[in-house]
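Student: Provided herewith is a single structure, encoded as structure tokens, for subsequent inquiry.
The values are calculated or read from the model by the stated rules, or taken from the named source; none is laboratory data. Small disclaimer: the values here were computed from a predicted structure and weren't measured. For neighbour counting, all protein chains shown are included, and Cβ atoms are generated from backbone atoms with ideal geometry for every residue, glycine included. For accessibility, only protein heavy atoms count, side chains too; no ligands or nucleic acids. Shrake-Rupley method; radii C 1.70, N 1.55, O 1.52, S 1.80 Å.
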Amino acid sequence: MDYASLYWTFIRINIKAKTEYRAAFLLTFLSRGIVWSTEFALIWVLLYKFQSIAGWGQYEVMFLYALNLTSYSLAAFFCFHPFTKLPAKIQSGEFDELLTKPMNPLLYLMSREFTASYFSNVAFGMLFIGICISQLKLSLSAWDFFFLFITLVGGTLIQAAAFIYTAIPSFWMVRNTSIAQLLLFDFKDFIRYPVSIYPASIQIVLTLIVPYAFINFYPAQYFLGKQDFLMFHPLFQYLTLAVGSVLFAGALLLWNWGIKQYHSTGS
């Protein structure tokens with residue numbers, strides 16, 4: 001059996017299910033767009049009043065927001081529902097049924113729970129990136145656009161790894177909402193603004209321990225011509241894909257180990 005085609009079939013079914021009722025899909029698209037546009041506008045208003053944060057202007061900070069939103073949304077296509085709902089699936093016993101399938105549990109979960117509604121998030125994230133590039137009058141070469149693509153791929157891998165890491169403790173703890181809240185939301189709030197505004201301890205955490213700074217801050221140094229690396233080497237602006245690849249590979253290894261150690265809740 002061609003399992004690859006089966007995974008893509010699950011994804012297509014999810015997309016068709018979401019787009020079958022076009023009015024509802026369009027309303028969802030617009031409502032999410034309003035939410036993200038409001039956040040984007042709030043950053044603009046905040047920076048309009050204060051002019052800059054640590055030398056970062058309005059559209060430069062908004063560029064950080066756009067990179068984060070786009071990579072998060074790309075990861076959420078495959079990872080939001082599968083891993084945020086994993087504790088409930090384990091508790092109910094639904095995850096046990098999934099393990100009986102003659103398929104890779106991770107790929108099966110990610111394709112079956114694919115969330116098509118994140119198309120709107122990606123669309124608006126790309127729109128915001130375009131607005132920032134235009135307003136900042138950035139003259140990007142073909143290489144720059146390729147590097148932007150690489151940056152988004154690397155950022156997506158970092159975000160996807162975060163989803164997986166927060167779900168893995170569910171194999172033993174069942175309920176781990178505090179870990180998910182900390183890694184998926186609390187730490188992520190720090191990268192709404194330039195990491196250079198924080199104390200050295202926070203910069204170290206966001207670079208070496210929970211490396212969210214590679215999602216937007218370090219690559220933005222390249223595109224915006226910034227030099228506030230402070231304690232870290234300028235080479236860091238090119239490492240988003242490498243960091244994302246290492247984190248995602250580690251997440252896969254830990255997931256497979258967790259599967260081997262998993263014992264049913266008996267539900």
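Student: Evaluate the stretch 255-265: report whether one residue or more is within 30 Å of Phe50 (Cα to Cα), modelled with pLDDT of 90 or more and out of contact with any strand residue (DSSP E or B) (no Cβ under 7 Å at 6 or more places or on another chain).
Tutor: At the first step, the residues of the stretch 255-265 found to be within 30 Å of Phe50 (Cα to Cα) are none.
Within the stretch 255-265, none of the residues are within 30 Å of Phe50 (Cα to Cα), modelled with pLDDT of 90 or more and out of contact with any strand residue (DSSP E or B) (no Cβ under 7 Å at 6 or more places or on another chain).
Student: Also, quick follow-up: If you go through the stretch 35-53, how many residues are small (Gly, Ala, Ser) and touching a residue at least 60 places away in the same chain (Cβ under 8 Å)? Full working, then the answer.
Tutor: Let us first name the residues in the stretch 35-53 that are small (Gly, Ala, Ser), namely 37, 41, 52.
Next, only the ones that are touching a residue at least 60 places away in the same chain (Cβ under 8 Å) stay: 37.
Final tally of qualifying residues: 1.
Student: Within the stretch 135-192, which residues are open to solvent by less than 80 Å² (accessible area, probe 1.4 Å), modelled with pLDDT of 90 or more and assigned to a loop (DSSP other than H, G, I, E, B)?
Tutor: Correct list: Leu136, Leu138, Leu140, Ser141.
Student: Related question: Please indicate, with yes or no, whether at least one residue in the stretch 89-105 is open to solvent by less than 30 Å² (accessible area, probe 1.4 Å), hydrophobic (A, V, I, L, M, F, W, C) and under 27 Å from Ser37 (Cβ atoms).
Tutor: No; the residues of the stretch 89-105 include none that is open to solvent by less than 30 Å² (accessible area, probe 1.4 Å), hydrophobic (A, V, I, L, M, F, W, C) and under 27 Å from Ser37 (Cβ atoms).
Student: Are there any pairs, at least 6 apart or on different chains, whose C-beta atoms fall under 7 Å, with the first in the stretch 109-134 and closer than 13 Å to Trp36 by Cα and the second assigned to a helix (DSSP H, G or I) and of a type in the set (Val, Ile, Thr), and if so, which?
Tutor: Ser120/Thr28; Val122/Thr70; Gly125/Thr70; Met126/Thr70; Ile129/Thr70
Student: Same structure again: Specify the residue that is most open to solvent (accessible area, probe 1.4 Å); the eligible residues are those in the stretch 106-116 that are among the aliphatic types (A, V, I, L, M), within 20 Å of Lys16 (Cβ to Cβ) and at pLDDT 80 or above.
Tutor: In the first step, residues of the stretch 106-116 are kept if they are among the aliphatic types (A, V, I, L, M); the result is 106-107, 109-110, 116.
Now narrow it down to the ones that are within 20 Å of Lys16 (Cβ to Cβ): 107, 109-110, 116.
Of the ones still in play, those that are also at pLDDT 80 or above are 107, 109-110.
Numbers: Leu107: 82, Leu109: 0, Met110: 25 Å².
Only one residue tops the list, namely Leu107.
Student: Criterion first (within 19 Å of the chain's Cα centre (by Cα), of a type in the set (Val, Ile, Thr) and part of a helix (DSSP H, G or I)) does Ile90 satisfy it? Before you say what the answer is, go through the steps one by one.
Tutor: Details: within 19 Å of the chain's Cα centre (by Cα): no; of a type in the set (Val, Ile, Thr): yes; part of a helix (DSSP H, G or I): yes.
For Ile90, the condition - within 19 Å of the chain's Cα centre (by Cα), of a type in the set (Val, Ile, Thr) and part of a helix (DSSP H, G or I) - is not met.
Student: If you take the residues of the stretch 79-88 that are under 18 Å from His263 (Cβ atoms) and among the hydrophobic types (A, V, I, L, M, F, W, C), which of them is surrounded by the most Cβ atoms within 10 Å (Cβ to Cβ)?
Tutor: As a first pass, look at the stretch 79-88 and keep what is under 18 Å from His263 (Cβ atoms): 86-88.
This time we only want the ones that are among the hydrophobic types (A, V, I, L, M, F, W, C), so: 86, 88.
On the way: Leu86: 26, Ala88: 13.
Ranking the candidates gives Leu86 first.
Student: Further, regarding this structure: Considering only the stretch 47-78, how many residues are among the polar types (S, T, N, Q) and surrounded by fewer than 23 Cβ atoms within 10 Å (Cβ to Cβ)?
Tutor: Taking the stretch 47-78 first, the residues among the polar types (S, T, N, Q) are 51-52, 58, 68, 70-71, 73.
From what's left, surrounded by fewer than 23 Cβ atoms within 10 Å (Cβ to Cβ): 51-52, 58, 68.
Residues meeting the conditions: 4.
Student: Checking the conditions here, which among Trp36, Trp8, Trp44 is in a helix (DSSP H, G or I), within 30 Å of Gly258 (Cα to Cα), open to solvent by 30 Å² or more (accessible area, probe 1.4 Å) and modelled with pLDDT under 80?
Tutor: On the way: Trp36 fails: within 30 Å of Gly258 (Cα to Cα); Trp44 fails: within 30 Å of Gly258 (Cα to Cα).
Exactly one residue qualifies, and that residue is Trp8.
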